[in-house]
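Derivation of every value follows stated rules applied to the coordinates shown; laboratory data play no part. Bear in mind that the values here come from a model prediction, so they are computed numbers and not experimental data. Note: ideal-geometry Cβ built from the backbone for every residue, glycine included; neighbour counts use all protein chains shown.
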Amino acid sequence: MDTALITGASRGLGLALARALAQRSWRLVIDARGAEALEAARAELAEVTEVVAIPGDVADATHREALIVAAGPRIDLLVNNASLLGPSPQPALADYPLDVLERVYRVNVLAPLALFQAARGRLQPGAVVVNVSSDAAVEPYEGWGGYGSSKAALEQLGRILGAEHPDLRVLVVDPGDMRTQMHQEAFPGEDISDRPLPEDVVPALLTLIDGSPSGRYQAGAVTPA
């Protein structure tokens, strides 16, 4: 049975992907900061497949170690999906509190790299690493300097890891706008009902996981298999 470790899997894209992998009989290790929502996700997924849910902050080294131990000796898929938006609404960079920005970078950049480092010995040749990014990583949107620059750093880390580890497939994926809680927090008070649901993005993500080489991808440009 293949094992996937997915961070930020209590809602949104993380949960949607976990559901799809459960239907494929993958064993899942999932986390999120909110224990109640994570337990609800675990209970749902446990009706379909084997799942371990560990609440905690992926920026915490002890929590990351618990995830790796729960995954066991072999990890076939590592999905760095957990993210921190930062303040809502987003402040301009000139006004961004640096202590808050440091926290955003710890969660969005350093934690995914640290989790990869911890998992490296269990990622067998052919294993897949997915770093979930954003168009804000490449487009200079006003008010997105904190989150966007953190995702830009995450993207470059992923691309370099792909070059340094040709035995793995390291995918940087921009899922596009989605109807998620984080997206609503980014645009407080706006109607985002026209955005696609995370479930609509999963088929493209699965296609990438199934066979695409290391690189950066926009989910909207992928034709699902």
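Taking amide H as placed 1.01 Å from N in the peptide plane, Val51 has its amide H under 5 Å from the amide H of Leu28, each at least 5 places away in sequence or on another chain. The phi torsions of the stretch 160-171, fed into the Karplus equation with coefficients 6.51, -1.76 and 1.60 and a -60° offset, translate into couplings of 5, 4, x, 6, 7, 10, x, 6, 10, 10, 9, 9 Hz, rounded to whole numbers, with Gly and Pro shown as x.
Using r as the Cβ-Cβ distance of Asp167 and Thr62, and R0 as 30 Å, what FRET efficiency do you calculate, to the nearest 0.05?
Numbers: r = 29 Å, r/R0 = 0.96.
According to the calculation, E is roughly 0.55.
For the chain, a Gaussian network of Cα nodes joined below 10 Å ranks Gln90, Gln124, Gln23 by mean-square fluctuation, and the top entry is Gln23.
Extension gain for Met1 to Glu36 (0.36 nm times residue separation, less C-alpha to C-alpha distance): 9.9 nm.
Every pair of different Cα atoms in the stretch 3-221 enters the Kirkwood calculation, which places the hydrodynamic radius at 17.3 Å. By the count of neighbouring beta-carbon atoms within 10 Å, fewest first, Asp95, Asp31, Asp57, Asp76 end up ordered Asp95, Asp57, Asp76, Asp31. Mean separation of Cα pairs under 8 Å and 6 or more residues apart, divided by the residue count, gives the chain a relative contact order of 18 percent.
Residues whose amide H comes within less than 5 Å of that of Gly176, counting only those at least five positions distant or on another chain, are Asp135, Ala219 (H built at 1.01 Å from N in the peptide plane). Here's how it looks for Ala127: its modeled amide H is under 5 Å from those of Arg169, which are all 5 or more places away or on a different chain.
Kindly state, to the nearest 0.05, the FRET efficiency for Leu197 paired with Ala43, given R0 = 22 Å and r defined as their beta-carbon distance. Approximately 0.55, to the nearest 0.05. Listing Tyr147, Tyr141, Tyr105 from fewest to most neighbouring C-beta atoms within 10 Å gives Tyr141, Tyr105, Tyr147. Can you tell me which of Ala66, Ala16, Ala94 moves the most in a GNM of the chain? Springs connect C-alpha atoms under 10 Å apart. Highest fluctuation among the options: Ala94. Computed from the C-beta positions of Arg103 and Ser25, the FRET efficiency with R₀ = 45 Å rounds to 0.75.
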